[in-house]
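Beneath this line is the structure, given in structure tokens, with notes to follow.
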Amino acid sequence: MHYDFIAIGSGPAGKRAAIQAAKLGKSVLLIEKGQIVGGVSVHFGTIPSKTLRETVLFLSGWRQRGIYGRSYKVKDNITAEDLTQRLHSTIAQEVEIIQHQLMRNNVEILYGHARFKDEHTLSVEDAEGTISEYTADFILICVGTKARRPDHIPFDGDSIIDSDEIINMERIPRKMMVVGGGVIGMEYATIFKALDIEVTVLESNDYILGFVDKEIVEEFVHHLRDCNISLRLDDELKSIEKRDDAKVVCRLKSGKSLLVDTVLFAAGRQGVTDDLALENVGIEVDKRGRILVNENYQTEVPHIYAAGDVIGFPSLASTSMEQGRAAACHAFGSEVHSQPELFPYGIFSVPEISMVGLTEQECNDKGISYEIGIARFRETARGQIIGLREGMLKLLFSIETQKLLGVHIVGEGATELVHIGQAVIALGGTLDYFVQTVFNYPTLAEAYKVAALDAYNRMNF
Ligand SMILES: Cc1cc2nc3c(=O)[nH]c(=O)nc-3n(C[C@H](O)[C@H](O)[C@H](O)COP(=O)(O)OP(=O)(O)OC[C@H]3O[C@@H](n4cnc5c(N)ncnc54)[C@H](O)[C@@H]3O)c2cc1C
């Protein structure tokens, strides 16, 4: 019952940390309170939402509409069953891959709810209520988050749902309200709009996606308006009531009322730390249940680490994996070569948004003088061929060194394209790289060259 390393939670952070510790020759236990490994990422978040997105984009014919017109569809009368079919098979395959990876690396899996008994001991309660104890030299808390569910919202799992419930939707609504103009809200709002559902987004701030480059958001909002997504900014839900006919009446602070079939509440997530008995080890959490860690992912108790969404921003599967790996390496004195600050952020809305490196705001705050270069996808041959009406790529270069500082993209393929810029930034590349390098033609990647030439012209007027 004693292990070198125990990870609590089998999401991206726990899985990667457990495998890393095992690769260092350590005995490893991975504890999961759910019925199966994978975490939010596999069962409620990343994989389901991205599978749903692909299914919707295919069945709706969305990618072809720029060529064949807005009414083009691959399938009429898309049902909830059409959407879930692909979902279940993708999730099942992903779980199988994870289980196999863990097994191959000799990571033991234990199903049960872990709570701290003391600084080295966890008590684990299984589904039958049997409690056993396990000790470890090092423990990683990677319990993730759950959707925030304010008391005044009458969630019913049917018409009024949170973002963890949406993948179990049994019918496709005709009218939908999405509460929250953050990443999850905008992803689902645009995915459902691609199904020609009437979508309203309600956001209490007077902006959406606050951390994204303003020009990129402007381009994105232009697209939202163009496809008739109604954005209600600077407004809030005053009351919400489900009628006998299952429709939902939403009354807003502004005085407006809306009648919809479904309300998706996607405004914030909460660390799953309320039932970990952290008080027994003296680890505190903030009001959103998040744990504070140092640069090595250590909590106030040095041999207890925390990684993934439970430590807050950026709360991505990609960064959670890297944090888990780094924590395990640090625990066993293995050197970590990592560039955590240079992670790309991907928003899988329709169209996609992605970015890496500095924003204009950060350049200004750091006193770095910079120039921008912009390319619009419709100006590239590839963009014309695939019928893109929207999409842009924006590059930030240092005026002093000509180094690439930041990449901001909205449009088709943004989450893939961003990695070109990420590599150039990581290797200290300059504007010359894009100007002098031959890109495949016709591709969207060519937009890098167009944007670099734009920046060159601005710098050499
Ligand atoms: C709708 C949605 C879309 C997303 N899309 C993306 C995306 O496109 N790209 C991206 O990179 N990220 C995306 N994310 C974020 C991504 O899912 C998370 O960053 C990632 O899952 C966090 O991983 P984690 O390891 O911290 O925890 P999680 O994946 O949350 O896993 C935590 C695990 O811990 C278990 N657990 C909790 N408490 C205990 C306990 N006491 N004992 C035992 N087990 C416990 C839970 O059951 C769970 O399985 C999305 C999230 C959501 C909600």
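Amide H to amide H under 5 Å from Lys117: which residues, 5+ apart in sequence or cross-chain, H placed 1.01 Å off N in plane?
Leu122, Ser123
Normalised radius of gyration for the stretch 1-62, please: alpha carbon Rg relative to 2.2 N^0.38 Å, two decimal places. Intermediate values should be presented prior to the final figure.
Numbers: Rg = 16.1 Å, N = 62, 2.2 N^0.38 = 10.6 Å.
It is 1.53.
If you roll a 1.4 angstrom probe over the protein chains with everything in place, what fraction of the accessible area of the stretch 199-263 belongs to carbon and sulfur, to the nearest %? Don't skip to the answer; put the middle values down first.
Numbers: 1430 of 3360 Å².
Result for the stretch 199-263: 43 percent of the exposed heavy-atom area is carbon or sulfur.
What area, in nm² and to one decimal, does the C-alpha convex hull of the stretch 260-412 cast on average over all directions? Please report the intermediate quantities before stating the final value.
Numbers: hull surface 57.6 nm².
Over every viewing direction, the Cα hull of the stretch 260-412 projects on average to 14.4 nm².
Which of the lysines could be linked to Lys394 by a straight reach, that is with a Cα gap under 16 Å, when you skip same-chain ones fewer than 8 residues away?
Hits, sequence-local ones excluded: Lys214, Lys403, Lys449.
What does the convex hull of the Cα atoms come to per residue for the stretch 32-87, in Å³? List each step's numbers first, then the result.
Details: hull volume 4.2 nm³, N = 56.
Taking the convex hull of the Cα positions in the stretch 32-87, it is 76 Å³ per residue.
Using θ = phi - 60° and the Karplus curve 6.51 cos²θ - 1.76 cosθ + 1.60, what whole-Hz ³J(HN,Hα) does each residue of the stretch 162-171 get, with Gly and Pro shown as x?
Those phi angles translate into 9, 6, 7, 9, 4, 6, 9, 3, 9, 9 Hz.
Taking the stretch 290-348 as the region of interest, what is the percent of Cα-Cα pairs per 10 angstrom bin, listed from the shortest bin to the one with the maximum distance?
23, 56, 19, 2
Convert each backbone phi in the stretch 338-346 into a coupling constant with the Karplus relation 6.51 cos²θ - 1.76 cosθ + 1.60 (shift: θ = phi - 60°), then list the ³J(HN,Hα) values in order as whole Hz, x for Gly and Pro.
Calculated HN-Hα couplings, in order: 8, 10, x, 6, 9, 8, x, 9, x Hz.
Working from the pairwise distances between different alpha carbons, so that the mean of 1/r is found and then inverted, what is the stretch 154-239's Kirkwood radius in Å?
Numbers: mean 1/r = 0.0741 Å⁻¹.
About 13.5 Å for the stretch 154-239.
Which residues' amide hydrogens lie under 5 Å from the amide hydrogen of Gly406, considering only partners 5 or more residues apart or on another chain, with H built in the peptide plane?
Amide H neighbours of Gly406: Leu358, Leu396.
Kirkwood hydrodynamic radius, the stretch 311-382, all distinct C-alpha pairs: what's the number in Å? Could you put the intermediate results ahead of the total?
Values: mean 1/r = 0.0646 Å⁻¹.
One decimal place: 15.5 Å for the Kirkwood radius.
Using alpha-carbon pairs under 8 Å, 6+ residues apart, how would you state the relative contact order of the chain in percent? Display every interim value, and only then the final one.
Numbers: 968 pairs, mean separation 69.1, N = 461.
So the answer I get is 15 percent.
Would you tell me the accessible area of Met321, worked out with a 1.4 angstrom probe on the heavy atoms of the protein chains, in Å² to the nearest 10?
50
Using alpha carbon centroids, what distance separates the stretch 384-407 and the stretch 173-217, in Å?
Answer, in whole Å: 24.
When all alpha-carbon pairs of the chain are counted, what percent fall beyond 35 Å?
Numbers: 40422 of 106030 pairs.
Of the Cα pairs, 38 percent sit more than 35 Å apart.
With +1 on the Cβ of every Lys and Arg and -1 on the Cβ of every Asp and Glu, and nothing else charged, how large is the dipole of the chain about its Cα centre, in debye rounded to the nearest 20?
On the way: 47 positive and 64 negative charges, 273 e Å.
Computed about the Cα centre, the dipole is about 1320 debye.
What does the convex hull of the Cα atoms of the stretch 195-253 come to per residue, in Å³, rounded to a whole number? All intermediate terms of the calculation are to be shown ahead of the outcome.
Numbers: hull volume 5.7 nm³, N = 59.
Each residue corresponds to 96 Å³ of Cα convex hull volume.
For the stretch 202-301, which semi-axes, largest first and in whole Å, follow from the square roots of 5 times the eigenvalues of its Cα gyration tensor?
Values: eigenvalues 259, 102, 23 Å².
Those come to 36, 23, 11 Å.
Past the 28 Å Cα-Cα mark, which pairs from Lys238/Lys287; Lys175/Lys287; Lys23/Lys146?
Details: Lys238/Lys287 23 Å; Lys175/Lys287 34 Å; Lys23/Lys146 30 Å.
Over 28 Å Cα-Cα: Lys175/Lys287; Lys23/Lys146.
Using Cα pairs closer than 8 Å and at least 6 residues apart in sequence, work out the relative contact order for the stretch 1-151, in percent. Please list the in-between numbers first.
On the way: 239 pairs, mean separation 53.4, N = 151.
It rounds to 35 percent for the stretch 1-151.
Can you list residues from other chains, or at least 5 along the same chain, whose modelled amide H is less than 5 Å from the amide H of Val263?
Here Ile160, Ile161, Met177 satisfy the definition.
Using the Kyte-Doolittle scale, find the helices of the chain whose mean hydropathy is at least -0.5 and whose Cα atoms extend 30 Å or more along the helix's long axis, counting only whole DSSP H runs.
Details: long enough: 80-104 (36 Å, -0.44).
Length and hydropathy pass: 80-104.
Quick one: accessible surface of Asp432, probe radius 1.4 Å, all protein chains present, in square angstrom to the nearest 10.
Around 70 Å² of this residue is reachable by solvent.
Label Ser369 and Val438 with points 7 Å out from Cα along Cα→Cβ: what is the distance between them in nm?
Once both label points are built, they end up 3.6 nm from each other.
From the backbone phi of the stretch 361-374, what are the Karplus-calculated ³J(HN,Hα) couplings (6.51 cos²θ - 1.76 cosθ + 1.60, θ = phi - 60°) in whole Hz, Gly and Pro given as x?
4, 5, 4, 4, 4, 8, x, 8, 7, 9, 10, 10, x, 10
Could you grab the relative contact order for the stretch 173-222? Cα pairs under 8 Å, six or more apart, rounded to a whole percent. Walk me through the numbers on the way to the answer.
Working: 49 pairs, mean separation 19.6, N = 50.
Dividing the mean separation by the residue count of the stretch 173-222 yields 39 percent.
The values are calculated or read from the model by the stated rules, or taken from the named source; none is laboratory data. This structure is a prediction, so every number in the text was calculated from the model and none was measured. Please note: Cβ atoms are built from the backbone with ideal geometry, for glycine as well, and neighbour counts cover all protein chains shown. Calculation scope for accessible area: heavy atoms of the full protein, side chains included, ligands and nucleic acids excluded. Shrake-Rupley method; radii C 1.70, N 1.55, O 1.52, S 1.80 Å.
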